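Notes follow once the structure below has been shown.
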Amino acid sequence: MIMNAEQMEKKRIARWGKVAPYGESFIESRLPGFNKNLYKIINKGVLENKGVAPAIEGEHRFGVSLIEIPPGQGANLHSHETEEVFFPLNGKMIVFWGDDAQHQVELNQWDCFSVPIGLMRGFKNPNEHTLVVYSIVGGTDQEVGKIAWHPNVLKLAEETGLIFDKDGFLANKN
């Protein structure tokens, strides 16, 4: 099917500034040190917030996100059932992994890190400015499944009142 420019603009283009970030996207959202803005461009992927809709809808075999990470912030230990790729676009990024985060590497701007399936990992912004990361996750929304969080993350999240509902989406404890 051939689309005209108006149709393409409406269905296949995500204009920066018109895509809004999602606040509480993950179970770790209320934990100190794990603040970030997530912009879902293609596919909902592994998000745990039921209300998230990607900027470009439709059937895709991958997900694309942009992540804005303030200085010193990041993502806590978790794993996915699919591949994930990170590209820090405007600075350095620290990626750590292992059940106790005992391994780490520092990525430079435009470096690429392809995370193996099932690897418990997280990341931080070591810069003095907000880091923007381009992220690709394999699979469709139905194939990707949920994030597996480190047990300590789940315990700390519950202490903030953030839990999963019966369907695996974010909910308030009370």
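The values are calculated or read from the model by the stated rules, or taken from the named source; none is laboratory data. Everything quoted here is computed from the prediction, not taken from an experiment. FYI the Cβ positions are ideal-geometry reconstructions off the backbone, even for glycines, and counts take in every protein chain you see.
Have a look at Val85, Val105 and point out the one that is within 13 Å of the chain's Cα centre (by Cα) and either of a type in the set (Ser, Thr, Tyr) or in a strand (DSSP E or B) (or both). Can you show your working first?
Details: Val105 fails: within 13 Å of the chain's Cα centre (by Cα).
Matching residue, one of Val85, Val105: Val85.
If you scan region 153-171, which residues turn out to be loosely packed, with under 12 Cβ neighbours inside 10 Å and over 13 Å from Lys50 (Cα atoms)? Explain how you work it out, then say what you get.
First, pick out the residues of region 153-171 that are loosely packed, with under 12 Cβ neighbours inside 10 Å: 155, 159, 161, 165-167.
Lys155, Glu159, Gly161 - these are the residues of region 153-171 that are loosely packed, with under 12 Cβ neighbours inside 10 Å and over 13 Å from Lys50 (Cα atoms).
Being within 21 Å of Phe169 (Cβ to Cβ), touching an Asp or Glu at 6+ places or on another chain (Cβ under 8 Å) and β-branched (Val, Ile, Thr) narrows it down to one of Ile41, Ile27, Ile67, so name that one.
Working: Ile41 fails: touching an Asp or Glu at 6+ places or on another chain (Cβ under 8 Å); Ile67 fails: touching an Asp or Glu at 6+ places or on another chain (Cβ under 8 Å).
Exactly one residue qualifies, and that residue is Ile27.
Just the residues that are surrounded by fewer than 10 Cβ atoms within 10 Å (Cβ to Cβ) and in contact (Cβ under 8 Å) with a residue 24 or more places away in the chain, please, taken from region 1-50.
Listed by number, the list holds a single entry, Lys18.
Looking at Asn174 and the list (1) out of contact with any Asp or Glu (no Cβ under 7 Å at 6 or more places or on another chain); (2) under 25 Å from Asn43 (Cβ atoms), which single condition is not satisfied?
(2)
Quickly run through region 53-82 and pick out the residues that are acidic (Asp, Glu) and either free of Cβ contacts under 8 Å to residues at least 60 places away in the same chain or assigned to a loop (DSSP other than H, G, I, E, B) (or both).
Quick first cut of region 53-82, residues acidic (Asp, Glu) only: 57, 59, 68, 81.
Once the filter is applied, which keeps residues that are acidic (Asp, Glu) and either free of Cβ contacts under 8 Å to residues at least 60 places away in the same chain or assigned to a loop (DSSP other than H, G, I, E, B) (or both), region 53-82 yields Glu57, Glu59, Glu81.
Take the residues of region 59-107 that are modelled with pLDDT of 90 or more and among the polar types (S, T, N, Q): which is farthest from Arg121 (Cα to Cα)?
Residue satisfying both the conditions and the ranking: Asn90.
Kindly list, by first and then second residue, each pair from a residue in region 87-107 that is without any contact (Cβ under 8 Å) to a residue 40 or more places away in the chain to a residue that is of a type in the set (Asp, Glu), limited to pairs with Cβ atoms under 6 Å and residues at least 6 apart or on different chains.
So the pair list comes out as Lys92/Glu106; Ile94/Glu106.
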